[in-house]
């Protein structure tokens with residue numbers, strides 16, 4: 001295991017006295033007296049050169065308490081691997097560890113499905129890094145709510161194994177229940193100055209005297225090397241229910257260094273009880289006097305030479321702070337980073353904030369689940385953009401607002417309430433915004449007028465879909481429709497009469513609208 005003062009990456013094996021004596025006795029019978037003398041002398045020199053060392057465990061803390069599990073974090077003074085034993089009883093007679101899901105050095109960031117090889121490499125690097133630094137965390141899942149569990153944790157460097165507590169067991173009671181979190185918050189902790197060290201793999205905790213346990217994360221887990229991502233919605237109060245503050249709250253954020261020292265900074269999170277699906281808060285821990293005027297985690301000197309605004313945390317207004325998007329704070333859009341100067345990095349119609357904090361889609365992939373429908377389209381039509389088996393249902397008219405299978409006066413009434421609404425307004429619905437201009441306006445009104453009287457599965461003849469004007473919508477019209485499929489405005493062969501959605505391209509949505517009228521006769 002590495003000793004303090006030994007350069008990082010250098011492994012020094014520690015030989016305990018019993019290891020040396022056992023080795024001598026094992027070889028004694030096979031060697032001559034001279035050989036034995038040499039062996040003893042060499043072994044003693046080796047022992048003197050490498051002091052007997054007892055692995056130690058420090059800062060053992062229960063964290064991430066929930067109705068279904070908990071975590072334990074601690075530090076060792078060098079390389080180690082960690083484990084836990086969980087018991088149903090205080091005497092340790094009922095070992096239930098095999099019944100639970102136990103994850104040593106857990107990491108949850110990144111998208112393992114979008115780029116599995118990249119995710120796997122990052123996971124391996126983080127695991128190796130945390131293990132080498134002695135930053136231990138073990139996660140237990142599969143527990144019952146509001147139940148007492150007993151445990152002890154262990155660490156080993158391959159030669160020495162230590163446990164905590166030294167005797168007996170520690171206990172923890174899982175939280176009672178989850179509640180709907182109205183004001184959801186995330187903390188992005190940025191270490192602006194690590195004293196020349198690489199903080200990847202360092203442990204970070206956020207705590208409050210109003211909660212039953214802190215939440216924890218590793219630096220570099222789904223973020224830049226100097227950042228940690230903590231979900232404040234994972235806090236539970238002393239009653240075992242979700243913590244739901246309605247006023248600003250001061251949290252204590254602690255970063256543990258491999259040396260055993262820690263950096264602590266208080267951060268005020270502005271809870272107000274108003275509904276937020278998710279909102280990210282930046283906490284900067286600044287030990288070196290780095291200037292960061294807007295507190296987004298990117299030094300002013302970097303922002304001044306790039307496209308972001310050093311006096312605005314969210315330069316592109318997408319709801320994600322610049323320091324989260326430019327996770328390594330170098331002023332360049334690197335692989336796996338979103339663009340802090342473009343609200344919609346992948347150009348799918350959902351801005352980066354909606355993808356990261358609301359839809360949980362990939363902001364670098366316009367079709368996160370690879371089913372052929374882009375993320376915006378699926379959000380608009382009510383299907384899941386992260387499940388390939390869930391695809392939009394175009395058998396309803398876009399202006400069938402109540403989805404009852406017809407466009408009737410009730411839809412007209414509902415439309416009147418959303419007319420003039422823009423994206424982000426309470427009554428705005430993407431599905432009704434047929435031409436995707438982020439406003440329910442005259443275009444949608446004209447579409448409503450054309451669709452009034454539509455009945456799902458009982459479509460009436462409409463001249464707009466009878467391209468050859470022969471009084472029916474038949475195979476010849478289908479051929480015309482597919483001849484224009486894939487064309488965009490400006491392309492040779494683009495025919496605006498086939499663009500029913502008016503979005504400047506003839507795509508599967510136009511085909512779906514046409515299909516409703518197929519087979520009708522004047």
*Hey, can you tell me all the residues within region 327-357 that are surrounded by fewer than 18 Cβ atoms within 10 Å (Cβ to Cβ) and farther than 21 Å from residue 227 by Cα?*
342, 347
*Looking at region 446-459, which of its residues are farther than 13 Å from residue 503 by Cβ and either crowded, with 16+ Cβ neighbours inside 10 Å or in contact (Cβ under 8 Å) with a residue 40 or more places away in the chain (or both)?*
448, 451, 452, 453, 454, 455, 456, 457, 459
*Report whether or not residue 387 is free of Cβ contacts under 8 Å to residues at least 40 places away in the same chain and buried (at least 16 other Cβ atoms within 10 Å of the Cβ).*
no
*asked:* Any residue that is in contact with a strand residue (DSSP E or B) (Cβ under 6 Å, 6 or more places away or on another chain), surrounded by fewer than 17 Cβ atoms within 10 Å (Cβ to Cβ) and modelled with pLDDT under 85 - is there at least one of those in region 246-258?
replied: no
*Which listed residue is in contact (Cβ under 8 Å) with a residue 12 or more places away in the chain, more than 22 Å from residue 423 (Cβ to Cβ), touching a strand residue (DSSP E or B) at 6+ places or on another chain (Cβ under 8 Å) and surrounded by 12 or more Cβ atoms within 10 Å (Cβ to Cβ), from 520, 439*: 520
*asked:* Here's a check for you: in region 461-473, which residue that is in contact with a strand residue (DSSP E or B) (Cβ under 9 Å, 6 or more places away or on another chain) and part of a loop (DSSP other than H, G, I, E, B) is farthest from residue 515 (Cα to Cα)?
replied: 471
_Restricting to region 395-428, name every residue that is crowded, with 17+ Cβ neighbours inside 10 Å, modelled with pLDDT under 90 and under 26 Å from residue 347 (Cβ atoms)._
398
*Hey, which of the strands (runs of 3 or more DSSP E) in region 128-186, taking only ones fully inside, have at least 2 residues that are within 24 Å of the chain's Cα centre (by Cα) and loosely packed, with under 15 Cβ neighbours inside 10 Å?*
none
*Which residues, taken from region 288-326, are buried (at least 24 other Cβ atoms within 10 Å of the Cβ) and in contact with a strand residue (DSSP E or B) (Cβ under 8 Å, 6 or more places away or on another chain)?*
296, 297, 320, 321, 323, 324
*Index of the failed condition, residue 98 passing every other in (1) surrounded by fewer than 21 Cβ atoms within 10 Å (Cβ to Cβ); (2) touching a strand residue (DSSP E or B) at 6+ places or on another chain (Cβ under 8 Å); (3) modelled with pLDDT of 95 or more*: (2)
_Single condition residue 364 does not satisfy, out of (1) under 20 Å from residue 511 (Cβ atoms); (2) within 29 Å of the chain's Cα centre (by Cα)_ = (1)
*Search region 495-506 for residues that are over 19 Å from residue 479 (Cβ atoms) and pair each with any residue that is part of a strand (DSSP E or B) when their beta-carbon atoms are under 9 Å apart and the residues are at least 6 apart or on different chains.*
504/488; 505/488
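The values are calculated or read from the model by the stated rules, or taken from the named source; none is laboratory data. What you see is a predicted model; the values in this text were computed from it and never measured. Virtual Cβ from ideal backbone geometry, glycine too; neighbours counted across all protein chains shown.
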